[in-house]
1. Kirkwood hydrodynamic radius of the stretch 3-75 from all distinct Cα pairs, in Å?
2. Calculate, for F56 and N166, the FRET efficiency according to 1/(1 + (r/R0)^6) with r their C-beta to C-beta distance and R0 41 Å; round to the nearest 0.05.
3. Estimate the FRET efficiency between I41 and R112 by the formula 1/(1 + (r/R0)^6), using the beta-carbon distance for r and 41 Å for R0, to the nearest 0.05.
4. For F111, F125, F40, F56, which order do you get if you count the other beta carbons within 10 Å of each Cβ and list the fewest first?
5. List the pairs from K135/K161; K114/K149; K42/K74; K16/K53; K27/K72 whose alpha-carbon separation is above 23 Å, in the order I gave them.
6. Please list, in order along the stretch 11-17, the HN-Hα scalar couplings obtained from phi with the Karplus expression 6.51 cos²θ - 1.76 cosθ + 1.60 (θ = phi - 60°), rounded to whole Hz, x for Gly and Pro.
Amino acid sequence: MTERTIEEVYSTLWKKMLHQVCMSYTKDYDQAQEWCQLGFIKVYHHLPNYKQKGSFEGWVRRIITNTILDAKRKKTLPVNREIPLEIIGEKSIVESNSIIEKYGFTASDIFRVKNQLPASKLKVFDMVLNGYKHKEIADELNITEGTSKSTYHRAKGSIRKILINNN
């Protein structure tokens, strides 16, 4: 990639990555900016590794998310499990979810109650929302891929129960 292309990527994706990814892990705007900058530095250094498969934006999102998780692991800070409503995209996982289609709940309803999930379900649920594949979640959490899938399925069921009981 040329320098100009890198500048375009940075200027095009900076706000989106800052607000949708970095701010979902902290309420501290300065910390989010620092993580975003570190993530874009990694993106720049790993550009030769991009294999032109899948979404480039998804690839950038994954690098920035991993940068944040690595930083949090190093500092042993608690992970903020909140995801701002801005992260809800056109084709987000929760929007295509049967909870919304079948029961008429909105994505904001789901985000409002998801923090009531037990930590293990919440971690898997959040990772899926952040674009991780079940294989990657399994590797990250040292569980099997099947456990990741079933935990995600149980998390959706728990959210459905919470929402139905609250209505």
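What follows is calculated from the coordinates using simple rules that are stated; it is not laboratory data. Since we're looking at a predicted model, the values are computed, not measured. Ideal geometry is used to build each Cβ from the backbone, glycine not excepted, and the neighbour counts take in all protein chains shown.
1. On the way: mean 1/r = 0.0809 Å⁻¹.
One over the average 1/r among Cα pairs gives 12.4 Å for the stretch 3-75.
2. Working: r = 39 Å, r/R0 = 0.96.
Working from the Cβ atoms, E equals 0.55.
3. So the FRET efficiency works out to roughly 0.75.
4. Details: F111 18, F125 24, F40 21, F56 14.
Final ranking by Cβ density, sparse to dense: F56, F111, F40, F125.
5. Working: K135/K161 27 Å; K114/K149 17 Å; K42/K74 17 Å; K16/K53 21 Å; K27/K72 14 Å.
Check vs 23 Å cut-off fails for K135/K161.
6. Listing the rounded values in order: 5, 6, 9, 3, 4, 4, 5 Hz.
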